Structures are given as structure tokens and as C-alpha cells.
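One structure is given below, encoded as C-alpha cells.
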Protein chains: 2
Amino acid sequence: MKAFIKKLRRHLVSEEVKNEELQEEAVETAEEVVEETTEVPEKSELELANERAEDFENKYLRAHAEMQNIQRRANEERQQLQRYRSQDLAKKILPSLDNLERALAVEGLTDDVKKGLEMTRDSLIQALKEEGVEEVALETFDHNLHMAVQTLPADDEHPADTIAEVFQKGYKLHERLLRPAMVVVYN
Amino acid sequence: MKAFIKKLRRHLVSEEVKNEELQEEAVETAEEVVEETTEVPEKSELELANERAEDFENKYLRAHAEMQNIQRRANEERQQLQRYRSQDLAKKILPSLDNLERALAVEGLTDDVKKGLEMTRDSLIQALKEEGVEEVALETFDHNLHMAVQTLPADDEHPADTIAEVFQKGYKLHERLLRPAMVVVYN
């Protein structure tokens, strides 16, 4: 650790030279010292020590503030990663759910098969729901959630933006859209 | 920012008092200064300035090293979160996969239904595979991967640790076990 500190110190001293901001501050400090002291020989040594102290204090305060920033950012990032961790797998599972729903729509299934398919579909939906995945609402057309694959002319019974048919369900993970619903809309 | 720095400075000065290690180093510095200088009145002021410089340099170096540690740990944590992000959803999906395989084992499925079920199962397995989920190997019994739900007496044809039957497949995410395989084993 001692050797590391020494190495780091050398590295930082070389960086110091490049730091214009700190040099400016050092000049300010030097000017203050000039005003305060009168004796010439001791002034310069004391001046240097004060300069050095000021420099390192500022560096330390900056490093401390930066450390807190890094920690805060890391926490935020971790929370985001946790919140959307299931995004990729959920997206890839949606076609399986589509297939199951299509299979359930086939005529002439035996009760056993139908029950098995329903159980599978429900457990899939439940698993997705527990991770924050849900179907998008289908009340009225919303271009943020729906994709119009076809339009029909609106009339008195079917005002504009009424959804006529759903070709494929849409899903979102929390407030993030995984895929839009494919719909036919009156327009 | 100026006000923040001042506040932080006050806070840090109060912390300083508690730091024994720094105090020890400050004493060392003070002793060095005593050896180097001869005049008494200026010595004490210079001594204090040097002490202060040394203190803040050490604090700065420590803060800098700690900052790098925090960043390194945050990176490692992020990588782990990414690697195992699908763990919870994958675990919850496994029963659906079991249900599908049970449904496929039912006698008298029509070709259409069978094809639909196979497609669904395969797309589910593919989605899991892309996220790093795979079946555990079943060559010989391994208590790290398998759970023996029943044993059969081993003989010449079936040496100990041979797996006789698999009740339920096991799965792992990368090298992490999601659930063990339920097996009958010769013993």
C-alpha cells in the first residue's frame, strides 16, 4: 500500500502540472500570502506550503464530491438494470405466447389438450406479470402503444380511433413498450 | 458549488479529528520539519502549513484510490447483474415448458395441434437458450445437478450412479443451477 501510494503520488504530481484551474487558484493563494506577510525569506517557504495545502484540499474536496457522484450514478444504474432485467427474455417469449393462443383457437381440441394449453398459457402470463410485463390497453387507438395495420372508414357507430380488431396483442414492461399491438382502426 | 464546498469542508474538518492514522502521519511530518528548520517563530506557522498539506495530500490520495475501488466494484456488479438478469423470469417459465412437454406426450393429438405445441416448445427453448439457459447434462449422477427422488439397486448391467429415469429436467443459467433434474438412480 505504501509503494502504491508513492506511485500514485508521482502520477498525480505529473497530472497536477496540466491542471490550469488549480494553477490559477495557486496564484490567488500566492497573492494573498504576499499581502499578509512582510518578511521576505520565510514568506516563500510558507507560501509554498500554504499553496500546497490549498491545492490538496481542493483536490481532496473535488475527489470526495466526485466519489459521491460515482456512487449515486452506480445506484441509479443498478436500479434501472433491475427494473428492466427481464426485457430481453420477455420479448423472446411473446411469440410462444402467440403460438399458444393460436393453438387454443383451433377447433376440435380434446378437453385434456385444451386444459393443458390453457394451463401453459396462464402460467406463462403469470410469470411475465410477476416480472412486470402486461398487455397494452386497447380502449382507443394510441400511436404510442398500437400499430395500425389496416384502417376502416369511421361512421356514426364507429367514431375515429375506435379499435375494430386486434391482430396481435401488444405488451409493455412497466412503462416501457416491448412491442405494439397490431390493430385495425376506424379512421 | 462554492457553498457546497464550504459545507463539505466543515464536515470533513470534523471528521478529521477522528482519524487516528492521519494524526500519526501529521506527527511524523512535524518531526521532520523540526529537524529541517532552525528558527523558532516561523517554524510553527510553517509546520502547521506543512502538516495541513500532508494531511490533505494523504486524504486526497486515499479518496482517489477509494474512487477507483468504487468504480471497479460497480463495474463488476453490473456485469453480474447482466449475466444473471434473466434468472427469475427463466425460473418461472420452466413449469410452462414442463406443461408443454406433458401435453406433447398425450396420445391422439392431431397433427396440427402437435405441430403447434412443438413450435411453441421449441421457441421457448430457443428464447431460454439465447439468454444462457440450458438443460443440465444427464450422463452420470451428480448431486450438484441432480436430485434422486428414487433409487434402484445397482447390478452388473447398471453400475452405481447410472441414471435410470428422468422425472423432470433440470436447468442452469450459465454455470448457476436454476433447478436440479429429478431422477431415479442406480445405487
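The values are calculated or read from the model by the stated rules, or taken from the named source; none is laboratory data. Fair warning: this is a prediction, and the values are worked out from it, not measured in the lab. Backbone-built Cβ (ideal geometry, glycine too); neighbour counts: all protein chains shown.
The table below lists the values:
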| read-out | value |
| --- | --- |
| Criterion (more than 7 Å from chain B (Cβ to nearest Cβ) and surrounded by 18 or more Cβ atoms within 10 Å (Cβ to Cβ)) met by exactly one of A:L89, A:L94, A:L61 | A:L94 |
| The range A:139-153, residues that are modelled with pLDDT under 95 and over 22 Å from A:L178 (Cα atoms) | none |
| Count of residues meeting criterion [over 33 Å from the mean Cα position of the chain (by Cα) and in a loop (DSSP other than H, G, I, E, B)] in the range B:64-117 | 5 |
| Count - residues of the range A:118-165 that are assigned to a helix (DSSP H, G or I) and hydrophobic (A, V, I, L, M, F, W, C) | 5 |
| Single residue of B:E54, B:E35 found to be more than 30 Å from A:V133 (Cβ to Cβ), assigned to a helix (DSSP H, G or I) and at pLDDT 55 or above | B:E54 |
| Any hit, the range B:100-110, residues being under 30 Å from A:D111 (Cβ atoms), away from chain A (no Cβ under 14 Å) and either modelled with pLDDT of 95 or more or surrounded by 12 or more Cβ atoms within 10 Å (Cβ to Cβ) (or both) | no |
| Matching residues in the range B:97-121 - criterion: being within 14 Å of A:K114 (Cα to Cα), in contact (Cβ under 8 Å) with a residue 12 or more places away in the chain and in contact with a Ser or Thr (Cβ under 8 Å, 6 or more places away or on another chain) | B:L100, B:A103 |
| Of all residues in the range B:118-148 being under 33 Å from the mean Cα position of the chain (by Cα) and more than 23 Å from B:H174 (Cβ to Cβ), the one that is nearest to the other protein chains (Cβ to nearest Cβ) | B:T120 |
